[in-house]
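*Asks:* Before anything else, here's the structure in question.
We did not get these values from a lab; they are worked out from the coordinates using the rules stated. Nothing here was measured: the structure is a model prediction, and the numbers come from that model. All Cβ positions, even for glycine, are placed from backbone atoms using ideal geometry, and neighbour counts span all protein chains on display.
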Amino acid sequence: MAGVNDFAVRRRRMVEDQIAARGIRDQRLLAAMKDIPRHLFMEQALWRRAYEDHPLPIGGGQTISQPFIVALMTDALGLTGREKVLEIGTGSGYQTAILAKLADWVFSVERLPELSRKAQLVLEELKIFNVNLVVGDGTKGWPGEAPYDAIMVTAGAPELPQPLVEQLTEGGRLVVPVGQRGVQNLLRLTRRDGRIIQEDLGGCRFVDLIGEHGW
Ligand code: SAH
């Protein structure tokens, strides 16, 4: 079994070869991804594959996203450290940990209680306390804490979940995969002067967003 130092070496290589090499420049983001032990967010049998360039299973038919996709989506939110962030699809909690390093506070919604519970344990073990994990249908957002400076959806939606757009602050950014089952376009929406600006960041592949404003 690889030791802690081996994992740190693998993480550094992951960031250099898969993320920096593909054009991600945000130094805070690169540092966070070198820092957070990604392997701890999956079962031990997968640890030796934890830093490879693809998604991996986390149970319940769900996956932990490919490291580059985590970087791309986080980069698209342009976090400075002051933001209140909403994440839909806690899953393993890995993306939650990265967001927590880069923003002020993260609210993260997961529909499967078992995944939320496991994610909570790992985040506590890593002493990441600026997060609130909740179980529910994230397609409705989390109105009680709205508005958010940044919202990230880590599952594929059939169309834009309108409640999320409504829960953005002025200047707020929403990153969400929208499209068919198994193949979507990653969209970034920015609320500016009461209008919504939409950009297409490219093709992607996520598990289904299941809920009232999802599949
Ligand atoms: N960011 C996670 C990705 C997990 S996969 C990670 O890297 O580990 C997407 C997650 O979205 C799954 O855990 C799935 O259960 C969850 N999900 C799907 N529909 C949801 C909904 N309506 N509300 C909250 N979570 C949802």
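*Asks:* Can you tell me how much longer the chain between GLN180 and LEU46 gets when fully stretched, taken as 0.36 nm per residue apart minus their C-alpha distance, in nm with one decimal?
*Replies:* Stretched out fully, the GLN180 to LEU46 stretch lengthens by 45.3 nm.
*Asks:* Magnitude of the Cβ-charge dipole of the chain, K/R +1 and D/E -1, about the Cα centre, nearest 20 debye?
*Replies:* Roughly 520 debye for the chain.
*Asks:* Mind giving me the nanometre distance, one decimal, between the label points for GLU125 and ARG13, set 7 Å out from Cα along Cα→Cβ?
*Replies:* 2.3 nm
*Asks:* Along segment 162-172, what does the Karplus equation 6.51 cos²θ - 1.76 cosθ + 1.60 (θ = phi - 60°) give for ³J(HN,Hα), rounded to whole Hz, x for Gly and Pro?
*Replies:* Karplus values, whole Hz, x for Gly and Pro: 4, x, 5, 4, 6, 9, 8, 5, 4, x, x.
*Asks:* A further question on this structure: Taking the alpha-carbon distance from LYS127 and a cut-off under 24 Å, which lysines remain once sequence neighbours fewer than 8 residues away in the same chain are dropped?
*Replies:* LYS34, LYS84, LYS101, LYS118
*Asks:* Name the long-range amide H neighbours of ARG205: under 5 Å, sequence gap of 5 or more, or other chain; modelled H, no Pro or chain starts.
*Replies:* Excluding prolines and chain starts, which carry no amide H, the hits are GLN184.
*Asks:* Another question, if that's okay. Note down the magnitude of the dipole of segment 129-192 about its Cα centre, charges +1 on Lys and Arg C-beta and -1 on Asp and Glu C-beta and zero elsewhere, to the nearest 20 debye.
*Replies:* Result for segment 129-192 is approximately 220 debye, rounded to the nearest 20.
*Asks:* Give the long-range amide H neighbours of THR169: residues separated by 5 or more places, or on another chain, with amide H under 5 Å away, using H modelled in the peptide plane at 1.01 Å from N.
*Replies:* Under 5 Å from the amide H of THR169: TYR148, ASP149.
*Asks:* Once you put a point 7 Å from the Cα of GLU159 and another 7 Å from the Cα of GLU114, both along the Cβ direction, what distance in nm separates them?
*Replies:* In this crude label model, GLU159 to GLU114 measures out at 3.3 nm.
*Asks:* What is the antiparallel percent of DSSP beta bridges lying wholly in the chain, to the nearest 5?
*Replies:* Just about 50 percent of them are antiparallel.
*Asks:* What does the C-alpha gyration tensor say about the overall shape of segment 1-110? Classify as rounded when a/c is under 1.5, otherwise prolate if a/b is larger than b/c, or oblate.
*Replies:* Oblate, since a/c reaches 1.5 and b/c is not below a/b.
*Asks:* Here's something else I'd like to know. FRET efficiency for ARG205 and THR169, Cβ-Cβ distance as r, R0 = 30 Å, nearest 0.05?
*Replies:* Calculated value: 0.50.
*Asks:* Next up: Considering the dipole of the chain built from charges on the beta carbon (Lys and Arg +1, Asp and Glu -1) around the Cα centre, which of GLY60, CYS204, ALA32 is farthest to its positive end?
*Replies:* Result: ALA32.
*Asks:* May I ask for the distance between the Cα centers of segment 1-65 and segment 114-154, given as a whole number of Å?
*Replies:* 20 Å
*Asks:* Report the rotationally averaged projected area of segment 53-204 based on its alpha-carbon convex hull, in square nanometres.
*Replies:* Reported value for the Cα convex hull: 8.2 nm².
*Asks:* Please give the calculated 222 nm ellipticity per residue for the chain, where each DSSP H segment of at least 4 residues contributes -39500 (n - 2.57) and the sum is spread over every residue; nearest 500 deg cm²/dmol?
*Replies:* After summing the helix terms and dividing by the residues of the chain, the value is -8000 deg cm²/dmol.
*Asks:* Can you order the peptides 82-94, 168-180, 197-209 by their average number of other Cβ atoms within 10 Å per residue, highest first?
*Replies:* 82-94, 168-180, 197-209
*Asks:* Here's another thing I want to ask about it. Using mean Cβ contacts within 10 Å as the protection proxy, how do 71-80, 120-129 order, highest first?
*Replies:* The densest-packed peptide leads the list: 71-80, 120-129.
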